[in-house]
Amino acid sequence: MSKNIILFGATGSIGSSVRRILDKTNGEFCLKGITCNQNIDSLIEISNQYNCHDLGVSNKDISNNKKEILTKKNTIYGIENFESFINDDIDIYILAISGLSGASLALKIAETGKTLAIANKECIISLGKILVNKCNEFNTSIFPLDSEHNAIHQLLYKNHRSIKDITLTASGGPFLDLDLDRFDSITPEQAIKHPKWKMGNKISIDSSNMMNKSLELIEAKNLFHLRSDQVNAIVHPQSIIHGIINFHDNSSYAFLSQPNMEVPISSLFFPNKDYRSNDHDLDLTKLNSLEFFEIDNKRFPAFTLGKYIMQKDGIAPHLFNYINDKLVKLFLEGVIKYTKIVNFNERIIELYFKSHQNINEPNIEDLNESSIWVDENIKTIINK
């Protein structure tokens, strides 16, 4: 009997990788429902290919002409209504929606007792223990799809020894060797051109300034129940090693693969590693070298700020995450300079904690209240 899947974010890069892998599962998995933000044409094409009757569109402001195309399908508009996809017949929910808009949906899926395969780091960071504890309470499995966390997940799954710490890797992005005095003039077009991974604009910018890696440290801490001092990251430009676990006997296990998102995603559908990738073999003899560097704090101040936020914990990771989301949008719109993404984030968090106490275990209401404060004050702060 096939397992039923809902794919939230079917038209994005993660969704595309999921569909390529599903095509090789010989009917063991059935795509029951799919969603997109606003790419209606791709959504219809995918629904026809996989015979999906249940569709979802996050953006409720699409044109009437587009809505007319969807009249023959059961279509849900607005991400706040995507909870309608949740039912007892679904076995796996794949959450490939970027940003915090999927937070409420993630919490509802956590109550299903099924599998939550998640490629949304923002939800894990902001919700933190709320999401993890709810999954534990309802016996819902969290399966990380992000390459680094999936690498750690697979290593831990096969090795139940007590670990000392873990190391994530970062490619360094497009500005690893750029002169520091040119950072102020970096454009959105330059920032979204990642040298190794094909991703959306938001995550590409986060990767370019190491904000993404800062967020991933916090994500790893939450996912794997680690302390702040047990999580670190290094630069590895070749993106061949994705994660390392270090043991108390000073031995280490590393996860190696080509930089291809099909590798982590395929482990969801092919846990015994019998997936046949179209990528070329990883031939270590043809690699000139595997390089590793400490992350330069002057070049990537987001990493320093992220480690501080991880240690502060409480509501700080949500603020860090939420503010970054707002500032990246302002950068893409040409309102602020590239270097101000991190500068303003630090400044806004500093001002928040001048008038608010940290909350060790924030609930949803606490997260919403802090977000409202940011929304009410961010323009004033950046315009000073």
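The values are calculated or read from the model by the stated rules, or taken from the named source; none is laboratory data. No experiment lies behind these values; they were computed from the predicted model shown. All Cβ positions, even for glycine, are placed from backbone atoms using ideal geometry, and neighbour counts span all protein chains on display.
Name the helices (runs of 4 or more DSSP H) wholly inside the range 169-270 in which the number of residues that are within 19 Å of the chain's Cα centre (by Cα) and either farther than 28 Å from A110 by Cβ or not β-branched (V, I, T) (or both) is 2 or more.
The qualifying helices (runs of 4 or more DSSP H) are 201-208, 211-223, 262-269.
Under 7 Å between Cβ atoms, at least 6 apart or on separate chains: pull out the pairs that start in the range 324-336 with a residue that is assigned to a helix (DSSP H, G or I) and end on any residue that is of a type in the set (S, T, Y).
F331/Y338
Conditions tested, residue by residue: (1) more than 20 Å from G128 (Cα to Cα); (2) of a type in the set (S, T, N, Q); (3) modelled with pLDDT under 90.
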{"site": "W197", "(1), (2), (3)": "yes, no, yes"}
{"site": "S207", "(1), (2), (3)": "yes, yes, no"}
{"site": "N212", "(1), (2), (3)": "no, yes, no"}
{"site": "A220", "(1), (2), (3)": "no, no, no"}
{"site": "L226", "(1), (2), (3)": "no, no, no"}
{"site": "D229", "(1), (2), (3)": "no, no, no"}
{"site": "I234", "(1), (2), (3)": "yes, no, no"}
{"site": "S239", "(1), (2), (3)": "yes, yes, no"}
{"site": "F247", "(1), (2), (3)": "yes, no, no"}
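If you take the residues in the range 47-79 that are of a type in the set (V, I, T) and within 23 Å of the chain's Cα centre (by Cα), which one is surrounded by the most Cβ atoms within 10 Å (Cβ to Cβ)?
Going through the qualifying residues, I end up with V57.
Give me the residue from the range 65-90 that is among the hydrophobic types (A, V, I, L, M, F, W, C) and touching a strand residue (DSSP E or B) at 6+ places or on another chain (Cβ under 7 Å) and, out of that set, farthest from K3 (Cα to Cα).
L70
Here is a check on your reading of the model: is S84 part of a helix (DSSP H, G or I) and in contact with a His (Cβ under 7 Å, 6 or more places away or on another chain)?
Answer is no for this residue.
If you go through the range 258-279 one residue at a time, do you hit one that is among the hydroxyl-bearing types (S, T, Y), within 30 Å of N358 (Cβ to Cβ), out of contact with any Gly (no Cβ under 9 Å at 6 or more places or on another chain) and in contact (Cβ under 8 Å) with a residue 12 or more places away in the chain?
Applying the first criterion (among the hydroxyl-bearing types (S, T, Y)) to the range 258-279 yields 266-267, 275, 277.
After this cut, where a residue has to be within 30 Å of N358 (Cβ to Cβ) as well, the list is none.
Scanning the range 258-279 turns up no residue that is among the hydroxyl-bearing types (S, T, Y), within 30 Å of N358 (Cβ to Cβ), out of contact with any Gly (no Cβ under 9 Å at 6 or more places or on another chain) and in contact (Cβ under 8 Å) with a residue 12 or more places away in the chain.
Listed residues G113, G128; which is crowded, with 22+ Cβ neighbours inside 10 Å, farther than 22 Å from N201 by Cα and not β-branched (V, I, T)?
Values: G113 fails: crowded, with 22+ Cβ neighbours inside 10 Å.
Only one candidate passes the filter, namely G128.
So in the range 113-142, with the set limited to residues that are within 23 Å of S267 (Cα to Cα) and of a type in the set (K, R), which one is modelled with the highest pLDDT?
Per the criteria, the residue is K114.
Suppose we filter the range 353-378 for residues that are touching a helix residue (DSSP H, G or I) at 6+ places or on another chain (Cβ under 9 Å) and in a helix (DSSP H, G or I); how many remain?
Total meeting the criteria: 12.
Please pick out the residue among E216, E189 that is in the same structural domain as N246 (by TED's automatic domain parsing) and over 22 Å from G334 (Cβ atoms).
Numbers: E189 fails: over 22 Å from G334 (Cβ atoms).
Among E216, E189, only E216 is in the same structural domain as N246 (by TED's automatic domain parsing) and over 22 Å from G334 (Cβ atoms).
Tally up the residues in the range 346-384 that are among the charged types (D, E, K, R), within 14 Å of F320 (Cβ to Cβ) and surrounded by 12 or more Cβ atoms within 10 Å (Cβ to Cβ), please. Before you say what the answer is, go through the steps one by one.
Step one: list which residues in the range 346-384 are among the charged types (D, E, K, R), which gives 346-347, 350, 354, 361, 365-366, 369, 375-376, 379, 384.
Pick out the ones that are also within 14 Å of F320 (Cβ to Cβ) and you get 346-347, 350.
Restricting the remaining residues to those that are surrounded by 12 or more Cβ atoms within 10 Å (Cβ to Cβ) gives 346-347.
Looking only at that region, the number is 2.
Is one or more of the residues making up the range 337-353 touching an Asp or Glu at 6+ places or on another chain (Cβ under 6 Å), at pLDDT 95 or above and closer than 21 Å to E122 by Cβ? Talk me through it step by step, then tell me what you get.
Restricting attention to the range 337-353, the residues satisfying the condition of being touching an Asp or Glu at 6+ places or on another chain (Cβ under 6 Å) are 337, 339.
Pick out the ones that are also at pLDDT 95 or above and you get 337, 339.
Restricting the remaining residues to those that are closer than 21 Å to E122 by Cβ gives none.
No: zero hits.
Residues to consider are D206, D181, D177; find the one that is crowded, with 24+ Cβ neighbours inside 10 Å, assigned by TED's automatic domain parsing to the domain that holds L330 and more than 24 Å from H248 (Cβ to Cβ).
Details: D181 fails: crowded, with 24+ Cβ neighbours inside 10 Å; D177 fails: crowded, with 24+ Cβ neighbours inside 10 Å.
Among D206, D181, D177, only D206 is crowded, with 24+ Cβ neighbours inside 10 Å, assigned by TED's automatic domain parsing to the domain that holds L330 and more than 24 Å from H248 (Cβ to Cβ).
Quick one: T112 ticks every box in (1) of a type in the set (S, T, Y); (2) without any contact (Cβ under 8 Å) to a residue 12 or more places away in the chain; (3) over 30 Å from K196 (Cβ atoms) except a single one, so which number is it?
Among (1) of a type in the set (S, T, Y); (2) without any contact (Cβ under 8 Å) to a residue 12 or more places away in the chain; (3) over 30 Å from K196 (Cβ atoms), T112 violates only (2).
Do the conditions hold for I44, that is, is it closer than 15 Å to F269 by Cβ and modelled with pLDDT of 90 or more? Full working, then the answer.
Values: closer than 15 Å to F269 by Cβ: no; modelled with pLDDT of 90 or more: yes.
So I44 does not fit the description; no.
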